[in-house]
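So the structure is just underneath, and the comments pick up after that.
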Amino acid sequence: MSTPIVITMGDPSGVGAEVTVKALAERDAATRAATLVIGDRDTLARAAEVSGVSLPLLDPDASGDGIRVEHVAVAGLPGRFGVLDPACGEASFRFIERAVQKSLDGQAACIVTAPINKEALNAAGHHYDGHTGMLAHLTGSRSSWMLLASERLSVVHVSTHVSLRDAIARATPERVLETIRTGHRHLLRMGLEAPRLAVAGINPHCGENGLFGTEDDEALVPAVKAAQAEGIDVVGPISADTVYHRAYQGAFDLVIAQYHDQGHIPIKLVAFDTAVNVSLGLPIDRCSVDHGTAFDIAGTGRANHGNMLSALDYATRMTRAAR
């Protein structure tokens, strides 16, 4: 079998198993053969049953058409959907840990992650802000970035899961410049010959020449000028209340958002079911669905798997693009 795309099942109590089996059921046999799910076999079987997916669950090296599963045994799983449980947090961590090791060893082409629950993860003793921070730690990376990609709007964040106060403090000229560079490199890798970037401002109207704050002038302007001096096509800062509309209309290929909600809100407004979460700055490739565990509908068979299909499509593009 060729180096597979690996899907981590996510929290066993959430919708990850369901969206995974549904998405793979819509793929052809050759694509399924080149995909490996890391997770809990029993949970996947229950998800397939409630979803009406009749494909068999196969061992990783088995022949025939089905869903290939590398089972990771974790004690104490609740055996039902829709509950917050530390054992599920432990399972989420172990699935990802196994996938990262396979990727570092050259046994996985790209990791696609189904959703985890941060509260369950921390209850299990794994104190991360989410997938991005965990992956940075597991790969020994100094830093990482979250990119949200969709057909008409893509955003990379200077910071993500921190308070707004801390996010503003983290928007230093150095961090903003490195975010610009990282986003630019990724777009080049994905085939854009001349990426156009825009930096969103921090304050209303980018501070209005100091009337509403000086952070834009002190942190963002120097970063933009430094990136321009390196030959990167980037402009800004541009007021956040207009830059996303301009990007959505085709003026820019990527927006540099200064904090979590500034980037997430516009993406989830225009591409809630299709946006893909991509980790940049790591030695491995990883993308993900851009939704949570949805405990309220887990186990009902009603979870929308469109986002997982988009993530798998993006993973395929990444594996075909030179690093």
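The values are calculated or read from the model by the stated rules, or taken from the named source; none is laboratory data. Since the structure is predicted, the reported quantities are computational estimates derived from the model, not experimental observations. Cβ coordinates were reconstructed from backbone atoms using ideal geometry, including for glycine residues, and neighbour counts include every protein chain displayed. Remember, those area values only see protein heavy atoms, side chains included, never the ligands or the DNA or RNA. Shrake-Rupley method; radii C 1.70, N 1.55, O 1.52, S 1.80 Å.
Below 8 Å, C-alpha to C-alpha, sequence gap of six or more: please give me the relative contact order for the stretch 67-188 in percent.
16 percent.
Based only on the alpha carbon positions, what is the Kirkwood hydrodynamic radius of the stretch 219-323, in angstrom?
In the stretch 219-323 this quantity evaluates to 16.3 Å.
Would you mind computing the Rg to Rh ratio of the stretch 179-277 from its alpha-carbon coordinates, Kirkwood style for Rh?
0.97
For the chain, set up a GNM with springs between Cα atoms under 10 Å and report which of 180, 238, 267 has the largest fluctuation.
238
For the chain, what is one quarter of the convex hull surface built on the Cα atoms, given in nm²?
15.9
With every protein chain kept in place and ligands, DNA and RNA left out, what is the accessible area per residue of the stretch 114-255? Probe 1.4 Å, answer in Å².
Normalised by residue count, the accessible surface of the stretch 114-255 is 46 Å².
Across the Cα atoms of the stretch 85-139, what radius of gyration and what greatest pairwise Cα-Cα distance (Dmax) are found, in Å?
According to the Cα coordinates of the stretch 85-139, Rg and Dmax are 10.9, 32 Å.
Using a probe radius of 1.4 Å on heavy atoms only, what accessible surface per residue do you get for the stretch 15-110? Whole Å² is fine.
40
Give the Rg/Rh ratio for the stretch 1-80, taking Rg as the radius of gyration of the Cα atoms and Rh as the Kirkwood radius, to two decimals.
Details: Rg = 11.7 Å, Rh = 12.5 Å.
So for the stretch 1-80, dividing Rg by the Kirkwood Rh gives 0.94.
Relative to 2.2 N^0.38 Å, what does the C-alpha radius of gyration of the stretch 14-136 come to as a ratio? Two decimals please.
After normalising by residue count via 2.2 N^0.38 Å, the value is 1.04.
Remind me, relative contact order of the stretch 81-151 in percent, using alpha carbon pairs under 8 angstrom and six or more residues apart?
34
Between residue 273 and residue 107, what is the spin-label point distance in nm, taking each point 7 Å from the Cα along the Cα→C-beta axis?
3.7
For every helix of n ≥ 4 consecutive DSSP H residues, a contribution of -39,500 (n - 2.57) applies; sum these over the chain, divide by its total residues, and give [θ] at 222 nm rounded to the nearest 500 deg cm²/dmol.
Only helices count here, giving -12000 deg cm²/dmol.
Which value, in Å³ per residue, describes the convex hull spanned by the Cα atoms of the stretch 260-313? Mind showing how you got there, number by number?
Values: hull volume 5.9 nm³, N = 54.
Taking the convex hull of the Cα positions in the stretch 260-313, it is 110 Å³ per residue.
Above 24 angstrom, tally the Cα pairs of the stretch 91-204 and express them as a % of all pairs, no decimals.
The proportion of pairs with Cα distances above 24 Å equals 37 percent.
Within the stretch 1-122, what whole-number % of the accessible surface is contributed by carbon and sulfur, with the 1.4 Å probe and all protein chains included in the calculation?
Answer for the stretch 1-122 is 46 percent, counting heavy atoms of protein chains only.
Just for the chain, what percent of DSSP beta bridges are antiparallel, to the closest 5?
On the way: 13 of 39 bridges.
Antiparallel bridges make up about 35 percent of those DSSP assigns within the chain.
Enumerate by residue number the GluC sites (Glu not before Pro) in the stretch 148-227 meeting two conditions: DSSP loop (anything except H, G, I, E, B), and at most 11 other Cβ atoms within 10 Å of the site's Cβ.
When the GluC sites (Glu not before Pro) of the stretch 148-227 are filtered for loop state and at most 11 Cβ neighbours within 10 Å, 151, 193 remain.
Considering only protein heavy atoms and a 1.4 Å probe, what is the carbon-and-sulfur percentage of the accessible area of the stretch 233-282? Each step should come with its number before you reach the end.
Details: 1130 of 2020 Å².
Of the solvent-accessible surface of the stretch 233-282, carbon and sulfur hold 56 percent.
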